[in-house]
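One structure is given below, encoded as structure tokens.
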Amino acid sequence: MATSPFDHPFLSGLLGDAEIGAYFSAEADIRAILSFEAALAGAEAAHGVIPAEAARKIRETCAGFIPDIASLKTATARDGVVIPDLVKQLRRAVGGEPAEHVHFGATSQDAIDTGLMLRLKSVTFLFGGRLHAIVTGLAGLERQFGANILMGHTRMQAAIPITAADRIAAWRIPLETYRDRLTEQVFPIQFGGAAGTLEKLGAEAGAVRSSLAQELGLTDEPQWQSRRTRIADLANLYSLISGSLGKFGQDIALLAEAGGEIELAGGGASSAMAHKQNPVAAETLVALARFNATQISAIHHSLVHEQERSGAAWTLEWLVLPQMAMATAASLRLAAELIGNIKRLGTS
């Protein structure tokens, strides 16, 4: 039984996204964390913090390590995070003297947050590509139907005639802005140790962090474990994207309701009325926009981290951020499909 519609056995057909969902799987999470542990060992060896042979063995083990998931589940219920048991298992697999150097100087949040940044960087790249395709599709509609006439509406009332290009521009222009903002996103490494001071690394702390960031392809920044504005900014961008796509969906649904100014291929069947073609994709875009608009408040609540680390605020992020990413993914997927199903817009 699934509790999330994004991976539900049949609701995921409407709301899911297999490509993006893979980045929020347990397997992807663990792979990203192991990438952090392997890169950490390499960076520390490069600066003389741990022996080179120990780093070689750790990296080699991380490359093929498969943890005991049942043990991780039990331990996470006790510890609140997966890292203590994962590191314990990894040390056992590394064995001998090199095992003492696994995860040296790091803390659970370093591994988890850096793993998240690695996955979000990939997701954001994919979102940028999808937005580009949507903007291109809207530009194609503008070339094809832009000169056609639509009745403009203000406050849900007929106003004056406009062109289809006028309406399409209102859909397209915000998305171009978001596409550019996605390319400007920064994904920093998280590396602060027990309380954010990297106390075990001494004078080599900054150099190790820089090398670690470089190997992982992340930005080198001081620890941000209690400063979650990067997360909030990205979640806000997700909400803006889905919100603007929701406006597109709402307009298409209203055009479909009026009936004379748009022709859509596809559409959903009704169990009671065989003649209907429901604007399912358009309606779902509205629902997803409202979902993310609601979730963003929870992300803002998660900004309140007490002292140097908050278990409560951090856990709230885990509950909300993946759902927002999945809602955004579904919005982008459905919007692209909907654009492809517009056969006529406006009247000539």
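Nothing in this text is a laboratory measurement; each read-out follows from the coordinates by a stated rule. Predicted model only: the values in this text are computed from it and were never measured. Cβ atoms come from the backbone with ideal geometry, glycine included; neighbour counts cover every protein chain shown.
Take the Cα of H300, step 7 Å along the line toward its Cβ, and report every residue of segment 209-239 whose backbone nitrogen sits under 19 Å from that point. 227-239, by backbone N distance to the label point. Taking amide H as placed 1.01 Å from N in the peptide plane, I262 has its amide H under 5 Å from the amide H of G346, each at least 5 places away in sequence or on another chain.
Relative contact order for segment 15-345 using alpha-carbon pairs under 8 Å, separation at least 6, rounded to a whole percent? Each step should come with its number before you reach the end.
Details: 468 pairs, mean separation 62.7, N = 331.
About 19 percent, as a whole number.
For A159 and N341 in the same chain, what is the full-extension length gain: residue separation times 0.36 nm, less their Cα-Cα distance, in nm?
Values: separation 182, 0.36 × 182 = 65.52 nm, distance 2.69 nm.
Additional length available on full extension: 62.8 nm.
Projected label points at A203 and E53, each 7 Å from Cα along the beta carbon direction, are separated by 2.7 nanometres. Loop-resident GluC sites (Glu not before Pro) (DSSP state other than H, G, I, E or B) in segment 154-258 with no more than 13 further Cβ atoms inside 10 Å of their Cβ: E184, E199.
Of the trypsin sites (Lys or Arg not before Pro) found in segment 145-209, those in coil by DSSP whose Cβ has at most 12 other Cβ atoms within 10 Å are R155. A Gaussian network model of the chain, with springs between Cα atoms under 10 Å, assigns the largest mean-square fluctuation among Q190, Q214, Q323 to Q214. Its DSSP H runs of at least 4 residues, each contributing -39,500 (n - 2.57), put the calculated 222 nm mean residue ellipticity of the chain at -21000 deg cm²/dmol, to the nearest 500. Here the residues W224, W318, W171, ranked from fewest to most Cβ neighbours within 10 Å of their Cβ, fall in the order W318, W224, W171.
Stretched out straight at 0.36 nm per residue, the stretch from E100 to A22 would grow longer than its current Cα-Cα span by 24.8 nm. The modelled label-to-label distance for the pair L11/E221, using points 7 Å beyond Cα in the direction of Cβ, is 3.3 nm. The fraction of all Cα pairs in the chain landing in successive 20 Å bins from 0 to the largest distance is 27, 47, 22, 4, given as whole percents. Among the GluC sites (Glu not before Pro) in segment 287-348, those located in a DSSP loop and surrounded by at most 16 other Cβ atoms within 10 Å of their own Cβ are E306, E308. The protection proxy used here, the mean number of other Cβ atoms lying within 10 Å of each residue, ranks peptides 130-140, 285-295, 112-122 as follows, highest first: 112-122, 285-295, 130-140. For segment 85-161 versus segment 277-305, the spacing of their alpha-carbon centroids is 15 Å. Note on E184 and A287: the extension gain reaches 34.3 nm, defined as 0.36 nm multiplied by sequence separation minus the Cα-Cα distance.
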